[in-house]
1. Based only on Cα atoms, what mean projected area does the convex hull of the range 155-214 have, in nm²?
2. In a shell of Cβ-Cβ distance under 12 Å around Leu207, excluding Leu207 itself, what net charge do Lys and Arg (+1) and Asp and Glu (-1) give?
3. When we measure straight from the Cα of Lys145, which lysines land under 16 angstrom away, once same-chain ones fewer than 8 places off are left out?
4. Which lysines does Lys58 reach when only Cα atoms under 30 Å apart count, and residues fewer than 8 places away in its own chain are ignored?
5. What percent does the relative contact order of the range 37-108 come to when contacts are Cα pairs within less than 8 Å and at least six residues apart?
6. Once you put a point 7 Å from the Cα of Arg153 and another 7 Å from the Cα of Asp170, both along the Cβ direction, what distance in nm separates them?
7. Please give, to one decimal in nm, the separation of the simple spin-label points placed at Glu163 and Gln10, each 7 Å out from Cα toward the Cβ.
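Taken together, the values in this text are just the output of simple stated rules run on the coordinates, not laboratory data. Predicted, not measured: the structure shown is a model, and the values here were computed from it. Here the Cβ positions follow ideal geometry from the backbone for every residue, glycine too, while neighbour counts run over all protein chains shown.
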Amino acid sequence: MAAADRREFQRLRLAKPILALMDGQNALILDIGVGGAYLEHYGAAAPDWRFRLQFRWKGEDVEFVAEVARSQVVRSGGDGGSVVSHTGVRFVESTGNSDAMLNDMMATFVGRVLAAQRANAAAEQTDSDTFILAQLGGARRARTKGYLVFHYRNGHWSQTLSESSKQANDGFTVAAYEDEAELETLCRTYESADEEGRRLIRLVAELSVRSSLA
């Protein structure tokens, strides 16, 4: 994955932080995305430091080798012993089925947010729509290489085949092998979402992009 593409990956802001371990020390995951996370923890973290980040989802362990991209001290007790930092990390390597578990977790969280938005707008929300979000990027289909870029402008969709995995600001980008029915559902969900909902849809689309890079 190119560094420029990796920087385009977005993170999901968690309503409730997830308890995690950084090389065995307690930490909180504040935001998480397909390429990394934003953590709160005790102590300072040097740039490029690598460690094992562990958390649980649906009763299973999820583990990544993570690398510090940036970090800043946000609170200090003055004695140096109670420093609290916020640290952005990149995922370098996954253990076991951690990639699949992360995809499932993010799709589940995003599906809940979008379902709540549509319910508040009195729009129809079906169980199948949320299921499609969770399935996106979950299967490899030997069809077309590259990426499909969907643009939503003036109430109309257009799509182009591209070699870039960068997310479109006025739509989304997915792997070209995704099923047409799933993409139709994603477009319909995008149309009824607000700006934050559309950002979350791009985040889900990145699950598809990430699976094509594996």
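1. 4.0 nm²
2. -3
3. Lys166
4. Lys16
5. On the way: 140 pairs, mean separation 26.0, N = 72.
In percent, rounded to a whole number, it is 36.
6. Spacing of the two 7 Å Cα→Cβ label points: 0.4 nm.
7. Reported label-point gap for Glu163 and Gln10 is 2.7 nm.
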